Amino acid sequence: MASVYSEKVMDHFINPRNVGEIENADGIGEIGNAKCGDIMKMYIKVENDVIVDVKFKTFGCGSAIATSSMATEMIKGKTIAEALTLSNKAVVEALDGLPAHKIHCSVLAEQSIRAAIADYYRRRGIDPEPIVGKTMTDEEIEACHI
Ligand code: FES
């Protein structure tokens, strides 16, 4: 049977990059989708505004694991400003697509990165909202689940 998943999705699902935790992370973001029960936790290490390291733990479906893996690869070594431009759509494109009913999984990757960056600013006593924008509410994240 032909897989509905691209080779890249399968590769990142079977061999996810940057799995784990960062001790003394500068920012941690945790996002869950209450509808499917999946949770993603993102850790970032920041030096001079550059994300020098990023790791994730995903308790979730294969698409959530593949998108978080790809997303970490896409922001590692990038500035915070660059990381903030990363959309779930770009992650899906980099994975050569996802089935429509799995697009919501990529939202967790995008949002957990934004949450980790917001946490980074909060720890430094800086209001993240003017920089990061509004992070999605639980209801908005849940609504992404189709
Ligand atoms: Fe929940 Fe994929 S089914 S994140």
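The values are calculated or read from the model by the stated rules, or taken from the named source; none is laboratory data. Only a predicted model underlies this, so the values are computations on that prediction, with no experimental measurement involved. Every residue, glycine as well, gets a Cβ built from its backbone with ideal geometry; the counts of neighbours run over all protein chains shown. To get the accessible areas, we keep the full protein, side chains included, count just its heavy atoms, and leave off ligands, DNA and RNA. Shrake-Rupley method; radii C 1.70, N 1.55, O 1.52, S 1.80 Å.
Odds and ends about this structure:
- 3J(HN,Hα) from dihedral phi, the range 132-139, Karplus parametrisation 6.51/-1.76/1.60, rounded to Hz, x for glycine, proline: 8, x, 6, 7, 5, 6, 4, 5
- Taking 18 Å as the straight-line reach from the Cα of LYS57, the aspartates and glutamates in range (excluding those fewer than 8 positions away in the same chain) are ASP11, GLU21, GLU23, ASP26, GLU30, ASP38, GLU73, GLU110, ASP119.
- MRE, 222 nm, helices only [DSSP H, n ≥ 4, -39500 (n - 2.57), over the chain, to nearest 500]: -12500 deg cm²/dmol
- Rounded to the nearest 10 degrees, the inclination of helix 103-123 to the longest alpha-carbon principal axis of the chain is 10 degrees.
- Within the accessible area of the range 78-146 (1.4 Å probe), percent carbon and sulfur: 53
- VAL46 accessible area, 1.4 Å probe, all protein chains in place, Å² to nearest 10: 20
- Across the range 1-77, C-alpha contacts under 8 Å between residues 6 or more apart give a mean separation that, scaled by the residue count, equals a relative contact order of 33 percent.
- Scalar couplings 3J(HN,Hα) for the range 4-13, obtained by applying the Karplus form with A = 6.51, B = -1.76, C = 1.60 to θ = phi - 60°, are 7, 9, 5, 4, 5, 4, 4, 4, 6, 6 Hz; x denotes Gly and Pro.
- Solvent-accessible surface of the chain, taken per residue with a 1.4 Å probe and all protein chains present: 51 Å².
- Anisotropy class of the range 1-76 from Cα gyration tensor, a/c 1.5 cut: oblate
- Think of each Lys and Arg Cβ as +1 and each Asp and Glu Cβ as -1; about the Cα centre, that makes the dipole of the range 26-127 roughly 240 debye.
- Dipole of the chain, positive direction: furthest Cα of SER3, ILE44, ALA100, with charges on the beta-carbon: SER3
- Residues whose placed amide H lies under 5 Å from that of VAL46, excluding near-sequence neighbours: ASP26, VAL52
- Only Lys, Arg (+1) and Asp, Glu (-1) charged, at Cβ; the range 81-146 dipole about Cα centre in debye: 200
- Selected from MET70, SER112, PRO128, residue furthest toward positive end of dipole (the chain; charges at beta carbon): MET70
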